[in-house]
Amino acid sequence: MSGERGTALNKSAFFSRLSLRLMLTATFAFLVGSLLYAFFSMEAYRYLDAKTSSQELYRTLADGCADRLQDYVSAGSISLSDTGALDAWAFSEENMVVTLYQENEVIYQNVDLIIGDNFQPAFSYSISFQDGTALALILCVPSGGSYLAADLACGFLAIMTALLILYAFIRRKIRYIALLESELQILKGGNLDHPITVIGKDELASLATEMDHMRQAIRDRQAREEQAVKANRDLVTAMSHDLRTPLTSLLGYTDILLLGKNDGQQEQYIRAIRDKARRIKELSDQLFEYFLVYGKEREDLNFQPVNAVEFLGQVVEESLFDLESEGFSVERESDEIRCSLFTDIPSVRRVFGNIFSNLSKYADRSHPVQVRYRQTEDTLLIQFRNRAAGPAANAESSGIGLKTCERIMTAHSGIFRYRLTEEYFEIEVGFPIRGDE
């Protein structure tokens, strides 16, 4: 349930953050486009205003308009009173104001605007009609098409700039997605050492980070599996050697008994056979125990809080008393223990049972077994040190019991270290501290 909720939260965060980045980029693109439009349109208007405000331009336009009016009047033999014909001509002209005067009186105008001599830039012309001559005061304004074209050009430039900014943002994300896809193909090909590229701090970067964590987890898991396979292979090889030695001896003794060449030593051979058979049973029990523990993970154990002092008394000290009753001497050294542990008692008893079994079989009884309890900031350490009883200390060459203990303590997130020298065998067991008592 928590995993589903985490996925939903991630989706929500993905939507909000990625949308926010896109909205910010779009807003930035809009602002840049608006500023560019305002700047370029202002410059374009300034240029057009400067160009269209010159007297030469107005005179040229007015001259052309006067010539066309004279040609129109002459071609149509138009009289001064033919206002309909004059309206038709004025309608065909764009951005033009014309006023006709005769004897200082207005006889025609195409708009309700009287242009006087002081109106600039209006220019006067003498126009010959069929029935007389009139003074034409003409004002021609340049067409606004240039301003419209400038608006369109500036708007197009602003829109393209905004689109280019959005395209750059989206293209960068698409290229990153394509990069992640190519790196996934590399991982799919089996190369788990190739890291996933993490760029930025958005959701794609979070996705890439999680992908890289998954890559590392898979790689570590494969490495652990390979190590486990190698360890099991080495274990089987060592166990085969350990089993072959007593089996060879056992077969030899049985052959002697079957051939009847015992020379009165039948009981001795039978005892030897029994010892070898017991040794084979011990090895098979240890092998069974190892694979029983090997299949268990941390979540399979039943962890419970225990008081460390009570734990040491019930699990460790009881076994030490048994050793002392067998004739061993024990030297103890202890810090002040004030903590609690979180352990699976049955599996921990198996660890110490294996340790004390080795002490009982292989320790030199003439030297004391040294035991030390230490409490650090986060760990309770239990250390054993004993003198090995000669070659017998190497009897368990496979070390399967120690491997079993090591795996159990790994499941406890604890410590299991051992060291064997020519004279001494040392073991250190560590449990993570749960809290002070």
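The values are calculated or read from the model by the stated rules, or taken from the named source; none is laboratory data. What you see is a predicted model; the values in this text were computed from it and never measured. Counting neighbours? That spans all protein chains shown, and the Cβs are built from the backbone with ideal geometry, glycine included.
Residue by residue, here is whether (1) closer than 30 Å to ARG68 by Cα; (2) touching a helix residue (DSSP H, G or I) at 6+ places or on another chain (Cβ under 8 Å); (3) at pLDDT below 85 holds:
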residue: PHE119; (1), (2), (3): yes, no, yes
residue: TYR147; (1), (2), (3): yes, yes, yes
residue: ALA150; (1), (2), (3): yes, yes, yes
residue: ILE159; (1), (2), (3): no, yes, no
residue: ILE186; (1), (2), (3): no, no, no
residue: ALA205; (1), (2), (3): no, no, yes
residue: ALA208; (1), (2), (3): no, yes, no
residue: ARG215; (1), (2), (3): no, yes, no
residue: ILE218; (1), (2), (3): no, no, no
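Please tell me if ILE170 is farther than 30 Å from TYR72 by Cβ, at pLDDT 85 or above and outside any helix (DSSP H, G or I).
On the way: farther than 30 Å from TYR72 by Cβ: yes; at pLDDT 85 or above: yes; outside any helix (DSSP H, G or I): no.
No: the conditions fail for ILE170.
Quick test for you: out of SER249, SER284, pick the one residue that is part of a helix (DSSP H, G or I) and either modelled with pLDDT under 70 or more than 52 Å from the chain's Cα centre (by Cα) (or both).
Within the list SER249, SER284, the selection yields SER249.
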**Study point:** Search result, residues across region 295-320 that are crowded, with 16+ Cβ neighbours inside 10 Å, within 40 Å of the chain's Cα centre (by Cα) and modelled with pLDDT under 90
**Key:** LEU301, PHE303
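Report, by residue number, each residue of region 321-351 that is under 21 Å from THR404 (Cα atoms) and either part of a strand (DSSP E or B) or at pLDDT 90 or above (or both). If you could, list the steps in order and put the result at the bottom.
Start the filter on region 321-351 by keeping residues that are under 21 Å from THR404 (Cα atoms), which leaves 341-351.
Within region 321-351, LEU341, PHE342, THR343 meet the criteria.
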Check your understanding: Of all residues in region 361-384, how many are among the hydroxyl-bearing types (Ser, Thr, Tyr) and touching a Cys at 6+ places or on another chain (Cβ under 8 Å)?
Key -> 0
Review point. In region 16-36, is there at least one residue being modelled with pLDDT under 80 and polar (S, T, N, Q)?
Key: yes
Check your understanding: LEU148: of a type outside the set (S, T, N, Q) and in contact with a Ser or Thr (Cβ under 7 Å, 6 or more places away or on another chain), yes or no?
Key -> no
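Which of the residues that make up region 71-106 are in a strand (DSSP E or B), aliphatic (A, V, I, L, M) and surrounded by 14 or more Cβ atoms within 10 Å (Cβ to Cβ)?
At the first step, the residues of region 71-106 found to be in a strand (DSSP E or B) are 96-102, 105-106.
Now restrict to residues that are aliphatic (A, V, I, L, M): 96-98, 100, 106.
Correct list: MET96, VAL97, VAL98, LEU100.
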Revision key, fill the gap. Reported set for region 144-163 where residues are surrounded by fewer than 12 Cβ atoms within 10 Å (Cβ to Cβ) and under 24 Å from GLU94 (Cα atoms) is GLY145, LEU148, LEU152
Practice item. Please enumerate the residues belonging to region 89-105 that are modelled with pLDDT of 85 or more, over 11 Å from LEU69 (Cα atoms) and of a type in the set (A, V, I, L, M, F, W, C). Key: PHE91, VAL97, LEU100
